[in-house]
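Reviewing the structure listed below.
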Amino acid sequence: MKEFAKRFYKSQAWKRCRDAYAKSVSGLCERCLAKGLYVPGEIVHHKTELTPDNIGNPSVSLSWDNLQLVCRDCHAELHGAARRYRVDELGRVLL
């Protein structure tokens, strides 16, 4: 977590927003669901990345239009990180 964002992500406003948003999408990863996969969402992701300039703007930081619930793999993809593993069509983990 970036230093400038620590206070925001620990705030009650964010925690309430995050939890309510995740509940509103039934706790499922929205990107996987769009592919017909039912995968639990774990991270509420900001579509427009938070910066020191916009983190104090609730229309960016707390707006549901800017949020997406994703699983860890989708979150890694969104941030350009490589997956550590793959899962085949039978659900087996492939390294």
Computed label-point distance, nm, for sites residue 86 and residue 24 using a 7 Å Cα→Cβ extension
3.6 nm
About the Cα centre of the chain, how large is the charge dipole given +1 on each Lys and Arg Cβ and -1 on each Asp and Glu Cβ? Please answer in debye to the nearest 20.
300 debye
Taking the Cα atoms only, what angle lies between the long axis of helix 12-24 and the longest principal axis of the chain, rounded to 10 degrees?
40 degrees
Most fluctuating residue given options 15, 35, 23, as computed from a GNM of the chain linking Cα atoms under 10 Å
35
Under 20 Å between alpha carbons, and skipping anything fewer than 8 positions from residue 6 in its own chain: which lysines qualify?
15, 47
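As a check on your grasp of the helix formula, calculate [θ] at 222 nm for the chain: sum -39500 (n - 2.57) over DSSP H runs of n ≥ 4, divide by the residue count, round to the nearest 500.
Only helices count here, giving -8500 deg cm²/dmol.
Taken together, the values in this text are just the output of simple stated rules run on the coordinates, not laboratory data. Remember, predicted model here, so these are calculated numbers, not experimental data. Note: ideal-geometry Cβ built from the backbone for every residue, glycine included; neighbour counts use all protein chains shown.
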